[in-house]
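Here is the structure we will look at.
The values are calculated or read from the model by the stated rules, or taken from the named source; none is laboratory data. On a predicted model such as this, the values are computed, not experimentally measured, just so you know. Here Cβ is always computed from backbone atoms with ideal geometry, including for glycine, and neighbour counts include all displayed protein chains. These accessible areas exclude ligands, DNA and RNA; they are computed on the full protein's heavy atoms, side chains included. Shrake-Rupley method; radii C 1.70, N 1.55, O 1.52, S 1.80 Å.
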Amino acid sequence: MNQKKIIIFMPSIDSGGGVEKNFFIVTNYLSIKLNNISVISLSKKYKKYIDKKINFVSLNSQFWETIGRRKKFLVSLFLLIKLLVSNKNVVVICFQGHLYCILICKLFNAKIIVRSNSSPSGWSKNFFKNFLYKKIYSFADKIIVNSLQFKKEMKKRFNLNSICIYNPLNLKEIIFLAKKKINFTFFNQKNFNLINVARLNEQKDQIFLLNAINQIKNSIPIKLLIIGSGNEKNRLLKFIKENNLQKIVKILPFTKNPFPFILKSDLFVLTSKYEGLPNVLLESISLKKIILSSNCPTGPKEILNNGRGGFLYKKKNINDFIKKFFFIYKNKSQCKKKTSYGYKKLYRFDYNKNLKKYINLITNI
């Protein structure tokens with residue numbers, strides 16, 4: 001394995017996303033087990049989160065931090081080409097910019113492993129895009145997906161074979177971080193306290209959650225905390241103001257450690273339109289929280305064992321959401337049985353078990 005050159009391709013790193021979280025976990029784990037690893041990224045400010053043994057390939061000027069995501073992909077491809085020209089027996093692990101990266105790797109006869117991050121149902125609505133995706137992805141040596149439902153979608157939609165490796169869950173670390181003391185009086189025992197942790201974007205659909213809260217607010221004492229950053233923030237704040245929700249809804253920016261806030265909540269809510277395998281559900285179950293999640297593709301149904309480990313509502317169906325919500329509110333002790341069941345099933349996402357699969361895949365490619 002020492003003779004293999006491992007290149008991890010991650011052109012643009014943003015804070016707060018599941019893709020980034022798994023990128024850091026997988027990359028740093030590989031550095032413990034393997035030698036000769038490079039990371040290609042123009043987000044140089046995140047170099048401090050990467051093991052020092054890893055060669056971080058970037059550009060010196062801070063200008064490259066400010067350019068758009070697509071431009072970062074294109075510039076990063078030149079850095080990739082430079083490494084491929086000067087190295088042989090290369091394995092590239094691609095977290096972003098899959099189509100471009102696959103073509104470059106095939107041109108230089110390098111092996112490539114692609115990690116696909118979110119369900120195709122969220123973006124595969126364009127015939128031409130689907131055709132390109134299917135054709136170019138077929139050139140990849142291996143495709144990693146993070147749920148079994150995702151694996152089935154790849155086969156059904158594109159006739160592509162893939163390998164399911166669950167997101168590695170560090171249970172001990174989450175429990176440890178959740179114990180950090182915070183000064184947070186917004187949640188209190190008089191209210192039923194809800195929390196949503198996600199990027200503020202259309203995919204995560206927090207506007208749906210606010211609409212539901214607006215219908216529930218006069219029936220029970222309720223508080224909602226949303227933690228995240230993104231381009232939907234102003235829209236959400238406008239809705240909160242227009243519907244006089246300021247006293248019961250609070251938005252906090254992204255934090256690396258949301259676990260103390262989750263620990264103080266009564267219910268974790270996920271309202272996504274589509275996912276891959278949402279880390280935040282695994283993390284909330286680790287803290288033994290009751291879960292109410294959209295039954296979106298892919299991940300929630302699998303994590304919650306078809307509803308045995310938490311509650312699933314029909315995606316975009318506000319009536320079903322409210323119905324499930326009131327059931328949870330009135331039957332908290334019964335809900336705890338689901339929480340216990342979900343916690344017992346977390347072994348599937350074991351940290352070391354799933355990370356070892358990356359090593360085996362790289363070794364045998």
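Odds and ends about this structure:
- If the condition is being out of contact with any Ser or Thr (no Cβ under 8 Å at 6 or more places or on another chain) and over 23 Å from GLN215 (Cβ atoms), then region 262-283 contributes LEU263, LYS264, ASN279, VAL280, LEU282, GLU283.
- Every condition in (1) within 16 Å of the chain's Cα centre (by Cα); (2) more than 15 Å from ASN257 (Cβ to Cβ); (3) in a helix (DSSP H, G or I) holds for ILE207 except the one numbered (1).
- In region 20-42, the residues that are within 25 Å of ILE67 (Cα to Cα) and surrounded by 19 or more Cβ atoms within 10 Å (Cβ to Cβ): GLU20, ASN22, PHE23, THR27, SER38, VAL39, ILE40, SER41, LEU42
- Filter result for PHE311 (closer than 20 Å to ILE227 by Cβ and either in contact (Cβ under 8 Å) with a residue 24 or more places away in the chain or out of contact with any Pro (no Cβ under 9 Å at 6 or more places or on another chain) (or both)): no
- Qualifying residue in region 267-285 (condition: over 17 Å from LYS172 (Cβ atoms), open to solvent by less than 30 Å² (accessible area, probe 1.4 Å), in contact with a helix residue (DSSP H, G or I) (Cβ under 7 Å, 6 or more places away or on another chain) and of a type in the set (S, T, N, Q)): yes
- The residues in region 144-197 that are charged (D, E, K, R), open to solvent by 60 Å² or more (accessible area, probe 1.4 Å) and either in a helix (DSSP H, G or I) or within 21 Å of CYS296 (Cα to Cα) (or both) can be counted, and the count is 7.
- Matching residues, region 318-353, being closer than 17 Å to LEU277 by Cα and either in contact with a strand residue (DSSP E or B) (Cβ under 8 Å, 6 or more places away or on another chain) or at pLDDT below 95 (or both): GLY342, LEU346, PHE349, ASP350, TYR351
- Taken together, the residues in region 83-107 that are in contact with a strand residue (DSSP E or B) (Cβ under 8 Å, 6 or more places away or on another chain) and surrounded by fewer than 19 Cβ atoms within 10 Å (Cβ to Cβ) amount to 4.
- Positions within region 232-267 being assigned to a loop (DSSP other than H, G, I, E, B), hydrophobic (A, V, I, L, M, F, W, C) and in contact with a strand residue (DSSP E or B) (Cβ under 6 Å, 6 or more places away or on another chain), in sequence order: ILE248
- Checking LEU281 against (1) within 17 Å of the chain's Cα centre (by Cα); (2) closer than 17 Å to ASP205 by Cβ; (3) outside any helix (DSSP H, G or I), the condition it does not meet: (3)
- Residue list for region 56-82, filter: aromatic (Phe, Trp, Tyr), open to solvent by 40 Å² or more (accessible area, probe 1.4 Å) and within 19 Å of GLU20 (Cα to Cα): TRP64
- Counting only residues that are closer than 16 Å to ILE216 by Cβ and not charged (D, E, K, R), region 247-264 holds 2 of them.
- Residue that is nearest to PHE349 (Cα to Cα) [pool: residues in region 284-301 that are part of a helix (DSSP H, G or I) and of a type outside the set (A, V, I, L, M, F, W, C)]: SER286
- Among the residues of this structure, SER229 counts as one that is part of a loop (DSSP other than H, G, I, E, B), closer than 22 Å to LEU177 by Cβ and among the polar types (S, T, N, Q).
- The one condition in (1) over 24 Å from LYS5 (Cβ atoms); (2) modelled with pLDDT of 95 or more that LYS356 fails to fulfil: (1)
- For region 126-143, the set of residues classified as free of Cβ contacts under 8 Å to residues at least 60 places away in the same chain and in a loop (DSSP other than H, G, I, E, B) consists of ASN126, SER138, PHE139, ALA140, listed by residue number.
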